[in-house]
Amino acid sequence: MPALVNMAATPDVNTNIGSLPEVYAEARRYFAGQGMLNYALEQLVSDLRRHDIDYVVIGAVALFAHGYRRFTDNIDIVLTAEELERFITPISGRAPQTFCNYDPDVTSNKRVRSFPHGISIRVMTSDEYPGDGKPKPVSMPDPQTAAIEINRIKFVTLEKLVELKLASGMTAPDRLKDLADVQEVIRIRGLSAEFSERLDPYVRGTFLALYETIKQSRKDED
């Protein structure tokens, strides 16, 4: 698995990554295991451990850990509802309170920005559902039961990550890219049709349809 964090050549956190050249430069650093997102991830994991908060990383950063290397500018994690209130404490009429290394988001009790890196961190809870947010057989994972440690960081297992992506893309019209993510994971990891047996039946048919698309494209290339 690719290393996500390489503590060399810390980037200048004052750099404007809104400019196109700097976006490209930050992407290169990210793929090299450096860059602001990787430093923010390492800091986040350290802070959660220090406060004895269990977590699991999902989303694009988890895709990277499982072999699909695409750029992202945010971090998604799952906590239990109880642990979320320890990490981000709501305060009536005011911005929520959080750890000293993070700036709270006045519009959300589930989002903070890392300091000084400026990386957005979104928190989901294990009682929530992907995609349209409505109840379904696939839900956000419990950090204690669906995690694998890669490079000292707890990521969601590949099976659960694929389930989340499929359930999201199946139910939210604006999340079709999640289905594309699964296609790329199938292609890059060389997943077989038998992998579907490790998935919830709710998403199994969609996985097999994407698998067949990849299989047919390979035949056409031959």
Seminar exercise, completed: For region 47-65, pairs from a residue that is more than 20 Å from ALA180 (Cα to Cα) and touching a residue at least 40 places away in the same chain (Cβ under 8 Å) to a residue that is among the charged types (D, E, K, R) and assigned to a helix (DSSP H, G or I), with Cβ under 7 Å and 6 or more apart or across chains, are HIS51/ARG86; ASP54/GLU83
Exercise. What tally of residues in region 28-67 results from selecting those that are crowded, with 19+ Cβ neighbours inside 10 Å and in a loop (DSSP other than H, G, I, E, B)?
Worked result: 3
For this session: Have a look at GLY18, GLY33 and point out the one that is on the phi > 0 side of the Ramachandran plot and at pLDDT 55 or above.
Result: GLY33
Problem set entry | Sole residue being closer than 25 Å to PHE71 by Cβ and among the aliphatic types (A, V, I, L, M), chosen from VAL203, VAL182 | VAL182
Exercise. Filtering region 171-190 down to residues that are surrounded by fewer than 15 Cβ atoms within 10 Å (Cβ to Cβ) and under 22 Å from GLY131 (Cα atoms), which residue is farthest from the chain's Cα centre (by Cα)?
Worked result: PRO173
For this session: Determine whether ALA193 is more than 21 Å from ARG70 (Cβ to Cβ), of a type in the set (A, V, I, L, M) and under 14 Å from the mean Cα position of the chain (by Cα).
Result: no
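The values are calculated or read from the model by the stated rules, or taken from the named source; none is laboratory data. Keep in mind it's a predicted model, so treat the numbers as computed, not measured. Every residue, glycine among them, receives a Cβ derived from its backbone with ideal geometry; neighbour counts consider all protein chains shown.
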